[in-house]
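The values are calculated or read from the model by the stated rules, or taken from the named source; none is laboratory data. Quick caveat, the model's predicted, so the values are computed rather than measured. These accessible areas exclude ligands, DNA and RNA; they are computed on the full protein's heavy atoms, side chains included. Shrake-Rupley method; radii C 1.70, N 1.55, O 1.52, S 1.80 Å.
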Amino acid sequence: MINKSIMVVDSNEEFLGFVLDFLINDMNMNEVVWAVSPEEAWNKLNTYQPGIIILDLGMKKYNGEELSILANTIQNPPIILMTSFYENDDYINLSRELGADGFAVKDHFKTALVELIAYLEHDKETGFFKDKQHLLN
């Protein structure tokens with residue numbers, strides 16, 4: 001298991017609660033930090049230094065795209081898993097271009113996160129992660 005904190009950044013409070021419950025209760029993660037905006041996340045980033053950021057791609061105002069770019073500029077940048085309710089090639093390609101390590105559709109989030117962690121523990125060097133099917137190719 002990855003030994004650093006996880007930060008979840010999502011303005012959808014229902015999804016945020018779902019993810020936090022899954023991480024704390026099902027994955028037994030002790031260090032889970034959350035933010036409802038990328039701006040709030042940026043303010044917490046240096047304090048908590050998460051190993052993974054689960055980031056909604058489509059937030060308003062100071063958006064997920066901007067946070068992903070900023071997070072990749074710090075020393076020892078976190079693993080970034082972009083999420084969206086929608087899956088299309090544009091979102092997947094944008095996630096790659098922004099330096100994210102993976103993309104997951106929110107409907108498949110649980111499976112994607114478990115697979116992402118297993119993937120990172122074994123071989124991050126193989127490239128971009130996109131749900132379980134990507135790992136099997």
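Numerical summary
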quantity	calculated
Unique match (being open to solvent by 70 Å² or more (accessible area, probe 1.4 Å) and modelled with pLDDT under 80) among Glu31, Glu14, Glu66	Glu66
Odd one out for Met59 among (1) at pLDDT below 75; (2) assigned to a helix (DSSP H, G or I)	(2)
